[in-house]
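The values are calculated or read from the model by the stated rules, or taken from the named source; none is laboratory data. On a predicted model such as this, the values are computed, not experimentally measured, just so you know. Here the Cβ is made from the backbone with ideal geometry for all residues, glycine too, and neighbour counts use every protein chain on show. These area figures cover heavy atoms from the full protein model, side chains too; ligands, DNA and RNA do not enter into them. Shrake-Rupley method; radii C 1.70, N 1.55, O 1.52, S 1.80 Å.
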Amino acid sequence: MFTSQSLHLRAHGALLLAMAIWGSSFIALKMAITLLAPMQVIFLRMLIGSLVFLLLWRFWRKGFHYQAGDWKLLMGMALFEPCLYFIFESLALQYTSASQAGMITSTLPLLVAAGAWFFLKEQITAFQWTGFVLALIGVLWMSWHSDISASAPKPWLGNFLEFLAMLSAVGFTLLVKKLTQRYSPLFLTAVQTLSGAVFFFPLAMLSPWPESLPGSLWLNLFYLGAFVSVGAYGLYNYALSQTSAATAGAYVNFLPVFTLLFAFLILQEALNTQQWFAVAIVFSGVALSQLGAKTQKIRVEIPPGTIS
């Protein structure tokens, strides 16, 4: 029998592991698209994830209450993510480094708050606006001082495409906030993955397929499809059952940290001095927005499956 304290610690451990897995997904995706066309990589990832969800059919097919017209919301959700999200992200990683792309994900909670203010008329504080502007300045500074290299041949373009991926994630999040009233997060993630496999299939067929795929690529694809799309989600979902959504959402700020760490260890990517100053500005903006949210008791929730 687990005590409440041990369950609390397990929940925080699950959140930390989920962020580590999501952070590593940028590195796995970056490695995969060097061996295969981006749309082919995303299709195979979605296909593997779909097969896993089909094996877990009995866990996610129950407990939802369909209402007339929900198909529009479900289609919109799938269009924003995975469709538009992964188009932008896979193209982004062709032009920028995994480190820089991962850093841009730190702006997601701020973008969601701004989107909720604009579309849902939710309150947003001066702290959050200031944090948003500060984080955006940091991202622009990081891009401006990017060094052109083999892993980042066009960093400005890649970082802009990753920012568009974050905007797609905002649209997804706003729709999911409504859909989770009637559907489980597991069901919605399954819909995402299955829809993605169908959507990316014709796009994958536009590029010629190589005669054979190396084993290292299949390992990356399996990791992305099973461990990232399903495993990280499962850990996040478990944590949500043991702690608050606000606490779980705050852990998203660890994602760029893990991305930077894995990019350095695996890809030997390194940021220059100016970019590290930019990273400090981004994190300062995120921290300031979190302070404002706590002061006004505003909670910005990032649904499972939103990132990678």
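Descriptive notes on the structure:
- Consider the range 173-209 and keep the residues that are among the aliphatic types (A, V, I, L, M) and surrounded by fewer than 16 Cβ atoms within 10 Å (Cβ to Cβ). The one that is nearest to residue 119 (Cα to Cα) is 198.
- Breaking point among (1) modelled with pLDDT of 80 or more; (2) crowded, with 20+ Cβ neighbours inside 10 Å; (3) under 14 Å from residue 138 (Cα atoms), for residue 273: (2)
- Conditions (1) hydrophobic (A, V, I, L, M, F, W, C); (2) within 30 Å of residue 274 (Cβ to Cβ); (3) open to solvent by less than 10 Å² (accessible area, probe 1.4 Å); number of the one not met by residue 46: (2)
- Sole exception among (1) under 17 Å from residue 287 (Cα atoms); (2) open to solvent by 30 Å² or more (accessible area, probe 1.4 Å) for residue 94, by number: (1)
- Residue, surrounded by the most Cβ atoms within 10 Å (Cβ to Cβ), within the range 98-140, restricted to residues that are among the polar types (S, T, N, Q) and over 18 Å from residue 253 (Cα atoms): 125
- Qualifying residue in the range 219-234 (condition: over 20 Å from the mean Cα position of the chain (by Cα) and modelled with pLDDT of 90 or more): yes
Rundown of residues vs (1) out of contact with any strand residue (DSSP E or B) (no Cβ under 6 Å at 6 or more places or on another chain); (2) buried (at least 18 other Cβ atoms within 10 Å of the Cβ); (3) at pLDDT below 90; (4) acidic (Asp, Glu), yes/no style:
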residue	(1), (2), (3), (4)
10	yes, no, yes, no
51	yes, no, no, no
77	yes, yes, no, no
80	yes, yes, no, no
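- Scope the range 157-199; condition without any contact (Cβ under 8 Å) to a residue 60 or more places away in the chain and in a loop (DSSP other than H, G, I, E, B); matching residues: 181
- Taking the listed residues 285, 249, the one that is over 16 Å from the mean Cα position of the chain (by Cα), buried (at least 20 other Cβ atoms within 10 Å of the Cβ) and at pLDDT below 80 is 285, with no other qualifying.
- Residue 143 under 23 Å from residue 45 (Cβ atoms) and either open to solvent by less than 70 Å² (accessible area, probe 1.4 Å) or in contact with an Asp or Glu (Cβ under 9 Å, 6 or more places away or on another chain) (or both): no
- Any chance residue 174 is modelled with pLDDT under 90, over 18 Å from residue 94 (Cα atoms), touching a Leu at 6+ places or on another chain (Cβ under 8 Å) and not β-branched (Val, Ile, Thr): yes
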